[in-house]
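See structure below.
Derivation of every value follows stated rules applied to the coordinates shown; laboratory data play no part. Because the structure is predicted, anything quoted here is derived from the model rather than measured. When we count neighbours, we look across all protein chains shown, and the Cβ atoms used for this are built from the backbone with ideal geometry, even at glycine.
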Amino acid sequence: MKNVFNKMMDYKRFAFILMALSAFLYIGVVIPAAGKTLHKEYALMAGTLASTAFAAYFFFQSIKLRKILNESEEGQDFLSKK
């Protein structure tokens, strides 16, 4: 159960890091800059969408593992201690 708990926390951390990355990429799209081409803007938007999609995937995986922990007695002990 400790391994499942650690995985859940890692997935949550990955998701938050990816959300921060997507915010920075989106800021790069929104802020006007000289010399920014349409191709660069599309690349930034694609990166924003990809990192947001991966963050959502990791959030869902974290939720799935949390449900597994809630279903077991030992997992509930882990969740209550942390």
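Miscellaneous remarks
- Distance in nm between pseudo-label sites at N70 and A56 (7 Å out along the Cβ direction from Cα): 2.1
- Chain lengthening between F24 and M45 when straightened (0.36 nm per residue, less Cα-Cα): 6.5 nm
- Largest first, the three principal axis extents of the alpha carbons in the chain are 58, 17, 15 Å in whole numbers.
- Length gained on full extension, L38 to N3: 8.1 nm, using 0.36 nm per residue less the C-alpha separation.
- For the listed peptides 48-58, 27-37, 67-77, a ranking on the average number of other beta carbons within 10 Å per residue, highest first, reads 48-58, 67-77, 27-37.
- Rounded to 10°, Cα long-axis angle of helix 38-71 versus longest principal axis of the chain: 10
- Anchor K64: lysines whose Cα lies under 16 Å away (excluding residues fewer than 8 positions away in-chain): K2, K7, K12
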